[in-house]
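What follows is a short report on a single structure.
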Amino acid sequence: MIAIMVVAGAVVAIFFSRPLLWTAFVLGGLVGLVAGVCQLRAMRDAAGVLIAANDALAVRRALQESRWGRAYLAVFWIGGVAIIGLAIFLFGPDLAPGLLAGYLAMAAVRDLVTLKGAFELARMEKAGSPPGEVPV
């Protein structure tokens with residue numbers, strides 16, 4: 001999935017080349033970095049609840065239980081609004097490339113940062129480890 005987002009970002013950069021398109025990539029990357037760190041901390045804080053979650057709403061509820069999860073959700077939504085605002089400001093009615101660049105950068109960086117946490121949760125679930133204990 002990360003590779004698909006990176007390739008899609010490259011396609012956006014090549015086919016929709018615009019002056020200042022790089023600003024959308026940078027903003028998205030920064031939002032993704034901050035959101036990814038918050039999400040990783042939330043994943044580690046609420047590991048047991050996340051492992052028990054069986055749908056997207058249960059995952060959201062698990063994230064909302066921790067301070068880091070609430071911070072992640074706030075950064076995700078505020079960052080999304082910032083990406084939309086930047087795209088409107090820089091590209092006006094032709095804002096699709098800016099939106100795509102910002103979102104793809106945000107999603108790819110966030111997923112790269114949280115990848116280790118996802119593997120930790122998978123190992124914990126497989127080993128039946130208690131929350132907070134990551135098997136080696």
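Each reported figure results from applying straightforward, stated rules to the coordinates on display, with no laboratory input. The structure displayed is predicted, hence computed values, not measured ones. Counting neighbours? That spans all protein chains shown, and the Cβs are built from the backbone with ideal geometry, glycine included.
Once phi is turned into ³J(HN,Hα) by the Karplus curve 6.51 cos²θ - 1.76 cosθ + 1.60 with θ = phi - 60°, what whole-Hz value does each residue of the range 58-70 show in order, with x for glycine and proline? For the range 58-70, the Karplus-derived couplings read 5, 5, 4, 4, 5, 5, 5, 6, 10, 4, 5, x, 5 Hz, x marking Gly and Pro. Taken one residue at a time, the phi angles of the range 73-83 give Karplus couplings (6.51, -1.76, 1.60, θ = phi - 60°) of 4, 5, 5, 4, 6, 5, x, x, 5, 5, 5 Hz. Gly and Pro are set to x. Averaged over residues, the count of other Cβ atoms within 10 Å places the peptides 48-58, 90-100 in the sequence 90-100, 48-58, highest first.
Mean residue ellipticity at 222 nm, helices only, the chain: -28000 deg cm²/dmol; runs of at least 4 DSSP H residues each add -39,500 (n - 2.57), and the sum is divided by the number of residues. Summarising the label geometry, the points placed 7 Å from Cα in the beta-carbon direction at L20 and V7 lie 3.2 nm from one another.
From largest to smallest, the equivalent ellipsoid semi-axes obtained for the chain from the alpha-carbon gyration tensor read 32, 15, 10 Å. Evaluated on the range 1-60, the Kirkwood hydrodynamic radius is 14.0 Å, with distances taken between all distinct Cα atoms.
Legend: calculated FRET efficiency, R60 to D94, from the Cβ-Cβ distance at R0 = 25 Å, rounded to 0.05, equals 0.15.
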